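**Student:** Take this structure first; my questions come after.
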Amino acid sequence: MNIIHVIILAIIEGLTEFLPISSTGHMIIASSIMGIASDPFVKLFTIAIQLGAIVSVVVLYYKRFLQSVDFYLKLFVAFIPAAIFGLLFSKKIDNLLESALTVGITMFVGGIILLFVDKWFNKPVITKEKNIGYLTALIIGLFQCLAMIPGTSRSAATIVGGMSQKLTRTAAAEFSFFLAVPTMFAATVKKLWDYHKLGYHFTGDQIKLLAIGNIIAFVVAMMAIRTFITFLEKRGFKLFGWYRIALGAVIIILIVSGHNLQVI
């Protein structure tokens, strides 16, 4: 893995982490195309640079993170399902993370859903996070578990989950951002621990690559979040749906035609 790989993957992470198009799916495909996907450090890197992305949420919404204990209790309730499912099915999840075909299929199916989600949930009543109840937070957390299937998109799953509970698009998106903080932090810590248990140790160059990747992901995510919220308020999800359908179709066609996009 070199600095060019780092820059590309970090930009992809920052751009896609909070959009409903699956950051994991994009990085699986990108690392596979660059021929570095089988490297254990690369697999760690694609998870660890999420830290930079979640710091951008804390910086942009720092006032929300200072408002009340109730805010953190809701995030904890929403986080519980993913924590349980992640611990119970971590090996199966790791196997799925190595399948580009899974990414293609879930990208395609998720895109179809996004074409209609604005019509399905068009009568929202909850406009602010403080009006979200604990049961609603738990249901959104259950939706987040769907994102353990690569290509689904954690952002898409939680936003759709929020809209199904009568949150506005903006309120659902912002709660999705907030929920990303404990979820992605926990995923990064677990990945680092697993990497250590396998007997791997960081070199000085690898630490530098991780630092650079996180900084780039942070800056790009800051811009992406602001742009996404503005776009979402005006246009909704259709463009993201068509993008997912197109990309998913391309991935499936390439694999079926014999191109090796599998992460081995």
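**Student:** With +1 assigned to the C-beta of every Lys and Arg and -1 to the C-beta of every Asp and Glu, and no other charges, what is the dipole magnitude of segment 3-256 about the Cα centre in debye, to the nearest 20?
**Tutor:** Computed charge dipole of segment 3-256: roughly 660 debye.
**Student:** Please report the relative contact order for the chain, taking Cα pairs under 8 Å with a sequence separation of at least 6, and give it as a percent rounded to a whole number.
**Tutor:** So the answer I get is 38 percent.
**Student:** Right, another one. Taking other Cβ within 10 Å of each residue's Cβ, how do THR106, THR136, THR170 sort, fewest first?
**Tutor:** In increasing order of surrounding Cβ atoms, one gets THR170, THR136, THR106.
**Student:** How much length is gained if the chain between LYS123 and VAL109 is pulled fully straight, taking 0.36 nm per residue apart and subtracting their Cα-Cα distance, in nm to one decimal?
**Tutor:** Between LYS123 and VAL109, full extension yields an extra 2.6 nm.
**Student:** Still on this structure, please answer the following. Starting from the alpha-carbon convex hull of the chain, give the projected area averaged over all orientations, in nm².
**Tutor:** Spelled out: convex hull of the Cα atoms, projected over all directions, averaged, 13.2 nm².
**Student:** Right, something else. Want the number for VAL256 to SER68: 0.36 nm per residue separation, take away the alpha-carbon distance, what's left?
**Tutor:** 62.5 nm
**Student:** Also, quick follow-up: Using θ = phi - 60° and the Karplus form 6.51 cos²θ - 1.76 cosθ + 1.60, what ³J(HN,Hα) does each residue of segment 116-126 get, whole Hz, x for Gly and Pro?
**Tutor:** Listing the rounded values in order: 10, 4, 5, 7, 5, 10, 10, 10, x, 10, 9 Hz.
**Student:** Next question, about the same structure. Would you order MET27, MET1 from fewest to most other beta-carbon atoms within 10 Å of each residue's own beta-carbon?
**Tutor:** MET1, MET27
**Student:** By its C-alpha gyration tensor, with a ≥ b ≥ c as the square roots of the eigenvalues, how is segment 172-264 shaped: rounded for a/c under 1.5, else prolate for a/b larger than b/c, else oblate?
**Tutor:** oblate
**Student:** For segment 1-91, which trypsin sites (Lys or Arg not before Pro) are in a loop by DSSP, counting at most 12 other Cβ atoms within 10 Å?
**Tutor:** LYS63
**Student:** Can you sort ASP118, ASP205 by how many other beta carbons sit within 10 Å, fewest first?
**Tutor:** Result, fewest neighbours first: ASP205, ASP118.
**Student:** In sequence order, what are the phi-derived ³J(HN,Hα) couplings for segment 141-153 according to the Karplus relation 6.51 cos²θ - 1.76 cosθ + 1.60 with θ = phi - 60°, rounded to whole Hz, with x for glycine and proline?
**Tutor:** Once rounded to whole Hz, the list reads x, 5, 4, 4, 4, 4, 6, 5, 8, x, x, 5, 5.
**Student:** Residues in segment 25-65, backbone N under 14 Å from the label point at LEU192 (7 Å along the Cα-to-beta-carbon vector): list them, ranges by number please.
**Tutor:** It comes to 44-55, nothing else.
**Student:** Oh, and also: For segment 36-46, in order, what is each residue's ³J(HN,Hα) by Karplus, 6.51 cos²θ - 1.76 cosθ + 1.60 with θ = phi - 60°, in whole Hz (x at glycine and Pro)?
**Tutor:** 10, 5, 7, 6, x, 5, 5, 4, 5, 4, 5
**Student:** Helix 204-235 sits at what angle to the longest principal axis of the chain, using alpha carbons and giving 0 to 90 degrees rounded to 10?
**Tutor:** Between the helix axis and the principal axis of the chain, the angle is about 30 degrees.
**Student:** How far apart, in nm, are the 7 Å Cα→Cβ label points at ILE84 and PHE202?
**Tutor:** Computed distance between label sites ILE84 and PHE202 equals 3.3 nm.
Quick note: the coordinates plus some simple rules give every number you see, no bench work behind them. Model, not experiment: these values are computed from the prediction. Positions of Cβ are backbone-derived with ideal geometry, glycine not excepted, and every protein chain shown enters the neighbour counts.
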